[in-house]
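To keep things clear, I will list the structure first and then write my remarks on it.
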Amino acid sequence: MHKRGSILAITFLSVLIVVVACGRASEDDINKALGIVPTATLTDEQIAQATEAANAAASAIAEGGTPDTGVAAMPVGDVRLGQQQFQFQCMACHQPSGAGQGPALTVPDSPVGDMTDQELFDLVRTGEGHTGQQPISTVRISDTQLAAIIAYIRDQIANPT
Ligand code: HEC
């Protein structure tokens with residue numbers, strides 16, 4: 001048993017060495033050879049945004065100022081996450097058919113068409129102008145999730161499915 005294990009290990013290593021030695025081993029190949037499934041990381045867009053924000057903060061500090069931490073600024077929403085979150089948090093009342101308690105939001109004549117992102121953000125957070133609804137805090141919907149919901153609603157208004 002022990003012997004077979006070593007043979008297996010040696011075969012495995014040889015394959016790996018051949019792949020690497022041939023210079024064709026990408027990170028993907030190596031991950032595959034080792035049976036590693038990389039965990040999902042940030043999208044290129046998210047990395048670009050974070051890099052830009054970090055650069056802006058760094059230049060602000062370099063210029064002797066205080067960086068704008070963007071507390072008031074909303075993160076840019078991810079439409080796919082927004083779809084999930086909308087279905088989970090809003091759809092029970094805001095059905096696309098308009099059959100729910102509230103108006104359809106994900107349609108071309110959506111009331112959201114007349115609102116800014118900030119107004120929509122505030123409506124959800126404060127509950128003001130959201131008749132009968134309690135304010136929804138970050139405990140239930142994070143800022144990222146809310147920005148994503150807004151991005152999804154905008155996307156649906158522009159490209160109804
Ligand atoms: C429990 C039911 C319910 C849920 C959940 C709900 N809403 Fe509403 N919403 C309503 C009702 C009822 C109205 C219509 C009354 C009003 O305009 O205040 C409404 C109205 C709105 C309006 C239109 C306001 C206007 O000025 O015309 C927006 C925008 C809105 N909701 C956004 C959301 C978003 C985004 C979510 C999910 C995060 C959400 N709502 C979740 C019940 C709900």
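The values are calculated or read from the model by the stated rules, or taken from the named source; none is laboratory data. For clarity, every value in this text was computed on a predicted model and none was experimentally measured. Cβ atoms come from the backbone with ideal geometry, glycine included; neighbour counts cover every protein chain shown. All accessible areas refer to the heavy atoms of the entire protein, side chains included, with ligands and DNA or RNA removed. Shrake-Rupley method; radii C 1.70, N 1.55, O 1.52, S 1.80 Å.
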Can you find a residue in the range 74-94 that is part of a loop (DSSP other than H, G, I, E, B), open to solvent by 80 Å² or more (accessible area, probe 1.4 Å) and under 23 Å from Asp44 (Cα atoms)?
yes
Consider the range 134-155. How many of its residues are within 17 Å of Thr116 (Cβ to Cβ) and not small (Gly, Ala, Ser)?
8
Ala104 fails exactly one of (1) aliphatic (A, V, I, L, M); (2) open to solvent by less than 30 Å² (accessible area, probe 1.4 Å); (3) near the ligand (Cβ under 8 Å from one of its atoms), namely (3)
Within the range 38-57, residues being surrounded by fewer than 10 Cβ atoms within 10 Å (Cβ to Cβ) and at pLDDT 75 or above number 1
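Anything in the range 107-118 that is more than 15 Å from Gln156 (Cβ to Cβ) and surrounded by 13 or more Cβ atoms within 10 Å (Cβ to Cβ)? List them, or say none. Lay out the reasoning, then the answer.
Taking the range 107-118 and keeping what is more than 15 Å from Gln156 (Cβ to Cβ), we get 114, 116, 118.
Result: no residue meets the conditions.
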Within the range 119-130, can you find the residues that are open to solvent by 70 Å² or more (accessible area, probe 1.4 Å) and under 16 Å from Ala158 (Cβ atoms)?
none
Return the pair list, or none, for Cβ contacts closer than 7 Å from residues in the range 87-102 that are closer than 22 Å to Ala147 by Cβ and modelled with pLDDT of 95 or more to residues that are within 6 Å of the ligand (Cβ to nearest atom) and not in a loop (DSSP other than H, G, I, E, B), at least 6 apart or on different chains.
Gln89/Ile149; Cys90/Ile149
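Is it true that Ile149 is within 16 Å of Arg80 (Cα to Cα), near the ligand (Cβ under 9 Å from one of its atoms) and in the same structural domain as Gln89 (by TED's automatic domain parsing)?
On the way: within 16 Å of Arg80 (Cα to Cα): yes; near the ligand (Cβ under 9 Å from one of its atoms): yes; in the same structural domain as Gln89 (by TED's automatic domain parsing): yes.
Answer is yes for this residue.
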From the list Val112, Val124, which one is at pLDDT 95 or above, touching a Cys at 6+ places or on another chain (Cβ under 9 Å), assigned to a helix (DSSP H, G or I) and more than 16 Å from Asp78 (Cα to Cα)?
Val124
